[in-house]
Amino acid sequence: MKLLLDQNLSPRLCDRLRDIWTEVVHVRAVGLAAADDSAVWAYARQHGFTIVSKDSDFSGRSSLFGAPPKVIWLALGNCSTSEIERRLRGHRQEIETFVTEPDTTLLVIEPGQGTGAT
């Protein structure tokens with residue numbers, strides 16, 4: 001499973017999450033630090049990544065264009081990198097299932113207990 005972290009997430013998450021996902025990459029590491037959403041979308045699609053973002057724009061793209069790429073939207077508001085890491089770890093099984101399911105395009109992780117895939 002390949003995860004591409006958007007610019008609005010800390011690059012430090014890559015190292016913090018490699019014990020459970022070996023292919024987690026930040027957009028900065030692939031030359032997309034200043035890229036717009038279209039370029040990130042195209043890169044993820046071309047290279048088989050699932051986009052992880054706090055940006056609701058990727059949710060909209062997912063609804064409009066479908067997958068690939070798949071999108072994990074962290075609808076968490078303003079929170080720390082540690083909280084984002086905790087949430088991703090806490091939803092590990094759900095994320096792994098989501099990535100392999102052919103009929104889902106978007107996974108939303110929200111502040112409360114509820115999450116949902118569409």
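Of the conditions (1) in contact with a strand residue (DSSP E or B) (Cβ under 8 Å, 6 or more places away or on another chain); (2) closer than 15 Å to MET1 by Cα, PRO68 fails just one. Which one is it?
With respect to (1) in contact with a strand residue (DSSP E or B) (Cβ under 8 Å, 6 or more places away or on another chain); (2) closer than 15 Å to MET1 by Cα, PRO68 is out only on (1).
Search region 45-55 for residues being within 11 Å of the chain's Cα centre (by Cα) and not acidic (Asp, Glu), and hand back the single one that is farthest from VAL99 (Cα to Cα).
LYS54
Among the residues of region 73-103, count how many are closer than 12 Å to LEU13 by Cβ and touching a residue at least 24 places away in the same chain (Cβ under 8 Å).
6
Just give me the residues in region 24-48 being closer than 16 Å to ASN8 by Cβ and touching a Pro at 6+ places or on another chain (Cβ under 8 Å), in sequence order.
Across region 24-48, the qualifying residues are HIS26, ARG28, ALA29, TRP41, ALA44.
Criterion first (at pLDDT below 95, touching an Asp or Glu at 6+ places or on another chain (Cβ under 7 Å) and surrounded by fewer than 19 Cβ atoms within 10 Å (Cβ to Cβ)) does ASP57 satisfy it?
So ASP57 passes the test.
Quick check on my filter: what residues within region 91-107 are in contact with a strand residue (DSSP E or B) (Cβ under 9 Å, 6 or more places away or on another chain), closer than 19 Å to LEU17 by Cα and not hydroxyl-bearing (Ser, Thr, Tyr)?
HIS91, GLU94, ILE95, PHE98, VAL99, LEU107
The values are calculated or read from the model by the stated rules, or taken from the named source; none is laboratory data. All figures in this text were calculated on a predicted structure; none of them were measured in a lab. Methodologically, a virtual Cβ is constructed for each residue, glycine included, from the backbone with ideal geometry; neighbour enumeration extends over all protein chains shown.
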